[in-house]
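S.K.: There's a structure below that I have some questions on.
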Amino acid sequence: MEFRANEGKSVTIEVNGKTYARHAIHTHFVQVGENYVDLVEKYVKPLWQPGDLLSSSEKIIGLCQKRVVYKKDMKVGRLARFLSRFASHSTAGIGVDSPYKMQFAINERGALFVIWAAFCAGIGKLFGKRGVFYEMVGQEVSGLDGFYDHEFKEYGEFGIRIPENPGKVCDEIEAATGVQAMIVDANDLNVEILGKASSITLDDETLKGLIRDNPAGQSRELTPFILIREVKE
């Protein structure tokens with residue numbers, strides 16, 4: 001099999017003195033409520049070899065788990081609209097400059113805490129420190145995707161939450177298919193490991209290094225699965 005990379009990405013990467021090849025696996029446009037085990041069986045298993053590692057986008061797992069928040073079910077209040085005006089805009093994805101994501105933060109953490117986080121974020125900016133707001137409100141808020149229709153109009157109508165029990169999901173995938181997987185929240189600015197199969201022995205920093213350039217891409221690639229294989233000399 002010839003490994004392929006998305007535009008602007010490299011097939012190979014070096015981590016801890018070892019070289020790894022990454023294959024961007026193209027899928028159909030995954031809908032809410034599909035089965036992640038079936039997706040791995042269909043798209044990954046025919047290419048997989050023992051020793052390979054699968055990196056899965058958190059968005060796909062969240063969709064399969066129906067972890068979505070619809071705009072039509074949200075009431076965006078004045079506080080969310082007000083605070084979102086002062087939030088920084090990021091090219092890496094939806095941020096709390098969207099009133100919908102700010103409202104989600106308020107719903108999750110409470111109005112008073114969000115106000116305090118926004119205040120601390122403002123102080124942090126004065127000293128050149130960014131990301132304070134997201135550090136305070138936590139991954140459930142920072143990891144929310146969607147509410148953004150620039151690439152896919154469907155994503156404009158709902159937000160996608162991070163997966164529930166991502167480590168357990170990875171163990172389920174391995175039990176059903178034999179594929180070792182990790183679930184990641186990755187963009188062109190940052191990478192987070194949300195969960196990994198219990199059998200994976202690589203530490204999180206090494207796993208982050210394998211996809212530090214976000215090989216799945218940030219646009220319309222439809223490559224939520226990255227198959228990673230060590231290149232043997």
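The values are calculated or read from the model by the stated rules, or taken from the named source; none is laboratory data. Bear in mind that the values here come from a model prediction, so they are computed numbers and not experimental data. Quick reminder, even Gly has a Cβ in these numbers, built from the backbone with ideal geometry, and neighbours come from all protein chains shown. Ligands, DNA and RNA are stripped out before the accessible areas are found, and what is left, the full protein with its side chains, is counted by its heavy atoms. Shrake-Rupley method; radii C 1.70, N 1.55, O 1.52, S 1.80 Å.
S.K.: Count, please, the residues in segment 135-160 that happen to be touching a strand residue (DSSP E or B) at 6+ places or on another chain (Cβ under 8 Å) and open to solvent by 50 Å² or more (accessible area, probe 1.4 Å).
M.R.: Of the residues in that region, 2 qualify.
S.K.: Could you list, in sequence order, all residues of segment 1-39 that are open to solvent by 70 Å² or more (accessible area, probe 1.4 Å), modelled with pLDDT of 95 or more, among the charged types (D, E, K, R) and over 16 Å from Arg229 (Cβ atoms)?
M.R.: Residue satisfying the conditions is Asp38 alone.
S.K.: Of Ile173, Ile115, Ile183, which residue is open to solvent by 20 Å² or more (accessible area, probe 1.4 Å), of a type in the set (Val, Ile, Thr), in contact with a helix residue (DSSP H, G or I) (Cβ under 8 Å, 6 or more places away or on another chain) and farther than 22 Å from Lys72 by Cβ?
M.R.: Just a single option satisfies the conditions, and that option is Ile115.
S.K.: A follow-up question, please. With respect to the numbered conditions (1) under 30 Å from Gln31 (Cβ atoms); (2) polar (S, T, N, Q); (3) at pLDDT below 95, which one is the sole condition not fulfilled by Gln103?
M.R.: With respect to (1) under 30 Å from Gln31 (Cβ atoms); (2) polar (S, T, N, Q); (3) at pLDDT below 95, Gln103 is out only on (3).
S.K.: Write out, first by first residue and then by second, each pair whose Cβ atoms fall under 6 Å of each other, whose residues are 6+ apart or on separate chains, and whose first residue, in segment 194-221, is without any contact (Cβ under 8 Å) to a residue 60 or more places away in the chain and acidic (Asp, Glu) while the second is buried (at least 17 other Cβ atoms within 10 Å of the Cβ) and part of a loop (DSSP other than H, G, I, E, B).
M.R.: So the pair list comes out empty.
S.K.: I've got another one for you. Any residue in segment 213-231 that is under 18 Å from His26 (Cα atoms), open to solvent by 20 Å² or more (accessible area, probe 1.4 Å), modelled with pLDDT of 90 or more and outside any loop (DSSP other than H, G, I, E, B)?
M.R.: Yes: one or more hits.
S.K.: Mind checking whether some residue in segment 170-185 is of a type in the set (Val, Ile, Thr), touching a residue at least 12 places away in the same chain (Cβ under 8 Å) and more than 22 Å from Leu39 (Cβ to Cβ)?
M.R.: No, segment 170-185 contains no residue that is of a type in the set (Val, Ile, Thr), touching a residue at least 12 places away in the same chain (Cβ under 8 Å) and more than 22 Å from Leu39 (Cβ to Cβ).
S.K.: Moving to a separate point now. Give Lys42, Lys66, Lys71 a once-over and let me know the one that is surrounded by fewer than 18 Cβ atoms within 10 Å (Cβ to Cβ), modelled with pLDDT of 95 or more and under 14 Å from Leu144 (Cα atoms).
M.R.: Matching residue, one of Lys42, Lys66, Lys71: Lys66.
S.K.: Ile94 fails exactly one of the following numbered conditions: (1) modelled with pLDDT of 95 or more; (2) touching a strand residue (DSSP E or B) at 6+ places or on another chain (Cβ under 8 Å). What is the number of that condition?
M.R.: Failing condition for Ile94: (1).
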